[in-house]
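What follows is one structure encoded as C-alpha coordinates, with my remarks underneath.
The values are calculated or read from the model by the stated rules, or taken from the named source; none is laboratory data. Computed from a prediction, not measured in an experiment: that's the story for all the values here. With ideal geometry, Cβ positions are generated from the backbone for all residues, glycine too; neighbour counts draw on all protein chains shown. These area figures cover heavy atoms from the full protein model, side chains too; ligands, DNA and RNA do not enter into them. Shrake-Rupley method; radii C 1.70, N 1.55, O 1.52, S 1.80 Å.
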Amino acid sequence: MSDHPPRPMRHETPLERADRNFAELLQELRVTQTGVQILFAFLLTLAFTQRFPSLDTVQRTTYVTTLMLAMLAAALFTAPAALHRSLFQQHAKPAIVAISSRLATLGLMVLMLAFTGSVLLVVDVSLGRAAGVCAGASTLLVCSGLWRVLPWLVRRTLVRPPGAPQGGQDREGSPSD
(Lines give C-alpha, C1' and ligand atoms only; values in the text may rest on other atoms or scores of the structure.)
Protein backbone atom coordinates (compact mmCIF):
# COMPACT_ATOMS: atom_id res chain seq x y z
CA MET A 1 0.00 0.00 0.00
CA SER A 2 1.14 3.48 -0.74
CA ASP A 3 1.07 6.47 1.56
CA HIS A 4 0.19 8.67 -1.40
CA PRO A 5 -3.42 9.06 -2.52
CA PRO A 6 -4.10 8.41 -6.20
CA ARG A 7 -3.94 11.49 -8.42
CA PRO A 8 -7.42 12.66 -9.45
CA MET A 9 -8.27 12.57 -13.14
CA ARG A 10 -9.31 15.82 -14.76
CA HIS A 11 -12.60 15.79 -16.58
CA GLU A 12 -11.75 17.81 -19.68
CA THR A 13 -11.87 17.28 -23.39
CA PRO A 14 -8.64 16.93 -25.36
CA LEU A 15 -9.09 20.51 -26.62
CA GLU A 16 -9.69 21.85 -23.09
CA ARG A 17 -6.57 19.99 -21.98
CA ALA A 18 -4.56 21.48 -24.84
CA ASP A 19 -5.82 24.97 -23.94
CA ARG A 20 -4.89 24.48 -20.27
CA ASN A 21 -1.49 23.01 -21.07
CA PHE A 22 -0.70 25.85 -23.47
CA ALA A 23 -1.73 28.48 -20.90
CA GLU A 24 0.50 26.80 -18.30
CA LEU A 25 3.39 26.64 -20.76
CA LEU A 26 3.03 30.32 -21.62
CA GLN A 27 3.14 31.21 -17.93
CA GLU A 28 6.36 29.22 -17.54
CA LEU A 29 7.82 30.96 -20.58
CA ARG A 30 7.00 34.38 -19.10
CA VAL A 31 9.20 33.54 -16.12
CA THR A 32 12.15 32.30 -18.15
CA GLN A 33 11.88 34.90 -20.90
CA THR A 34 12.56 37.77 -18.48
CA GLY A 35 15.80 36.15 -17.31
CA VAL A 36 16.90 35.48 -20.87
CA GLN A 37 16.18 39.05 -21.92
CA ILE A 38 18.20 40.46 -19.01
CA LEU A 39 21.11 38.11 -19.73
CA PHE A 40 21.02 38.88 -23.46
CA ALA A 41 20.94 42.64 -22.83
CA PHE A 42 23.84 42.34 -20.39
CA LEU A 43 25.89 40.41 -22.94
CA LEU A 44 25.09 42.88 -25.72
CA THR A 45 26.44 45.76 -23.66
CA LEU A 46 29.71 44.04 -22.71
CA ALA A 47 31.26 44.58 -26.13
CA PHE A 48 30.98 48.34 -25.63
CA THR A 49 32.78 48.52 -22.28
CA GLN A 50 36.29 49.91 -21.88
CA ARG A 51 37.68 46.60 -20.66
CA PHE A 52 36.38 44.51 -23.61
CA PRO A 53 39.42 45.13 -25.90
CA SER A 54 41.69 43.61 -23.23
CA LEU A 55 39.95 40.21 -23.30
CA ASP A 56 42.06 37.32 -24.52
CA THR A 57 41.04 34.88 -27.26
CA VAL A 58 39.43 32.38 -24.85
CA GLN A 59 37.41 35.13 -23.18
CA ARG A 60 36.26 36.56 -26.52
CA THR A 61 35.31 33.09 -27.75
CA THR A 62 33.41 32.45 -24.52
CA TYR A 63 31.68 35.82 -24.91
CA VAL A 64 30.57 35.26 -28.52
CA THR A 65 29.48 31.67 -27.81
CA THR A 66 27.51 32.77 -24.75
CA LEU A 67 25.93 35.67 -26.64
CA MET A 68 24.78 33.30 -29.37
CA LEU A 69 23.46 30.81 -26.79
CA ALA A 70 21.46 33.58 -25.10
CA MET A 71 20.06 34.62 -28.49
CA LEU A 72 19.15 31.01 -29.27
CA ALA A 73 17.46 30.59 -25.88
CA ALA A 74 15.44 33.76 -26.47
CA ALA A 75 14.43 32.49 -29.92
CA LEU A 76 13.40 29.10 -28.53
CA PHE A 77 11.35 30.69 -25.76
CA THR A 78 9.53 33.04 -28.14
CA ALA A 79 8.97 30.41 -30.84
CA PRO A 80 5.78 29.03 -29.18
CA ALA A 81 4.11 32.44 -29.49
CA ALA A 82 5.14 32.69 -33.13
CA LEU A 83 3.98 29.14 -33.80
CA HIS A 84 0.62 29.81 -32.14
CA ARG A 85 0.20 33.06 -34.03
CA SER A 86 0.99 31.48 -37.41
CA LEU A 87 -1.35 28.53 -36.78
CA PHE A 88 -4.10 30.52 -35.05
CA GLN A 89 -7.58 29.12 -35.77
CA GLN A 90 -6.14 26.25 -37.81
CA HIS A 91 -7.34 23.60 -35.29
CA ALA A 92 -3.73 22.78 -34.44
CA LYS A 93 -3.69 23.44 -30.67
CA PRO A 94 -2.60 19.92 -29.60
CA ALA A 95 0.31 20.02 -32.08
CA ILE A 96 1.19 23.56 -31.00
CA VAL A 97 1.30 22.45 -27.36
CA ALA A 98 3.46 19.39 -28.09
CA ILE A 99 5.96 21.31 -30.26
CA SER A 100 6.02 24.30 -27.90
CA SER A 101 6.78 22.04 -24.96
CA ARG A 102 9.76 20.60 -26.81
CA LEU A 103 10.94 24.09 -27.77
CA ALA A 104 10.73 25.21 -24.14
CA THR A 105 12.68 22.16 -22.95
CA LEU A 106 15.39 22.81 -25.53
CA GLY A 107 15.37 26.48 -24.53
CA LEU A 108 16.06 25.53 -20.91
CA MET A 109 19.02 23.38 -21.98
CA VAL A 110 20.45 26.22 -24.06
CA LEU A 111 19.80 28.71 -21.25
CA MET A 112 21.74 26.44 -18.88
CA LEU A 113 24.72 26.68 -21.23
CA ALA A 114 24.30 30.45 -21.57
CA PHE A 115 24.28 30.83 -17.78
CA THR A 116 27.37 28.65 -17.57
CA GLY A 117 29.21 30.69 -20.20
CA SER A 118 28.22 33.99 -18.59
CA VAL A 119 29.47 32.95 -15.17
CA LEU A 120 32.62 31.48 -16.68
CA LEU A 121 33.36 34.74 -18.51
CA VAL A 122 32.69 37.10 -15.63
CA VAL A 123 34.61 35.07 -13.07
CA ASP A 124 37.47 34.47 -15.54
CA VAL A 125 37.82 38.22 -16.13
CA SER A 126 37.44 39.01 -12.42
CA LEU A 127 39.43 36.26 -10.69
CA GLY A 128 41.28 34.29 -13.37
CA ARG A 129 40.81 31.28 -15.63
CA ALA A 130 40.86 28.55 -12.96
CA ALA A 131 38.24 30.31 -10.85
CA GLY A 132 36.17 30.97 -13.99
CA VAL A 133 36.21 27.33 -15.05
CA CYS A 134 35.32 26.26 -11.50
CA ALA A 135 32.45 28.76 -11.29
CA GLY A 136 31.19 27.80 -14.75
CA ALA A 137 31.27 24.10 -13.90
CA SER A 138 29.46 24.81 -10.63
CA THR A 139 26.79 26.76 -12.51
CA LEU A 140 26.30 23.87 -14.91
CA LEU A 141 26.03 21.41 -12.02
CA VAL A 142 23.53 23.54 -10.09
CA CYS A 143 21.32 24.14 -13.13
CA SER A 144 21.52 20.47 -14.15
CA GLY A 145 20.65 19.42 -10.64
CA LEU A 146 17.68 21.74 -10.28
CA TRP A 147 16.34 21.54 -13.82
CA ARG A 148 17.00 17.90 -14.78
CA VAL A 149 17.94 15.74 -11.78
CA LEU A 150 15.38 17.16 -9.32
CA PRO A 151 12.42 16.67 -11.71
CA TRP A 152 13.69 13.16 -12.48
CA LEU A 153 13.84 12.33 -8.77
CA VAL A 154 10.37 13.76 -8.15
CA ARG A 155 8.98 11.85 -11.14
CA ARG A 156 10.46 8.62 -9.74
CA THR A 157 8.74 9.16 -6.39
CA LEU A 158 5.30 9.89 -7.81
CA VAL A 159 2.90 7.06 -7.30
CA ARG A 160 0.77 6.36 -10.32
CA PRO A 161 -2.59 4.67 -9.88
CA PRO A 162 -2.97 1.29 -11.60
CA GLY A 163 -3.61 1.75 -15.30
CA ALA A 164 -2.33 5.33 -15.30
CA PRO A 165 -0.32 6.28 -18.38
CA GLN A 166 3.46 6.56 -18.14
CA GLY A 167 5.71 9.18 -19.71
CA GLY A 168 3.68 12.32 -18.99
CA GLN A 169 0.85 11.57 -21.40
CA ASP A 170 -2.83 11.10 -20.77
CA ARG A 171 -5.07 8.40 -22.18
CA GLU A 172 -5.55 10.27 -25.44
CA GLY A 173 -1.78 10.56 -25.94
CA SER A 174 -1.74 14.31 -25.27
CA PRO A 175 0.89 15.89 -23.06
CA SER A 176 -0.37 16.20 -19.50
CA ASP A 177 0.90 17.92 -16.36
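In the full protein context, region 88-144 carries 52 Å² of accessible surface per residue, based on a 1.4 Å probe and ignoring ligands, DNA and RNA.
The portion of the accessible surface of region 83-160 made up by carbon and sulfur, rounded to a whole percent, is 70 (1.4 Å probe; DNA, RNA and ligands excluded). Ranked by solvent-accessible area (1.4 Å probe, protein heavy atoms only, all chains present), the residues LEU121, LEU69, LEU106, LEU140 order from largest to smallest as LEU106, LEU140, LEU69, LEU121. Accessible surface calculations at 1.4 Å, restricted to protein heavy atoms, place region 4-74 at 67 Å² per residue. Peptides 98-105, 70-77, 130-137 ranked from most to least packed, by the mean per-residue count of other Cβ atoms within 10 Å: 70-77, 98-105, 130-137. Its Cα centre serving as origin, region 9-140 has a Cβ charge dipole (Lys and Arg +1, Asp and Glu -1) of approximately 100 debye. What's log10 of I(q)/I(0) for region 1-96 at q = 0.13, 0.19 Å⁻¹, Debye sum over Cα points only, no solvent? Here the Debye-derived log intensity ratios amount to -0.67, -0.95.
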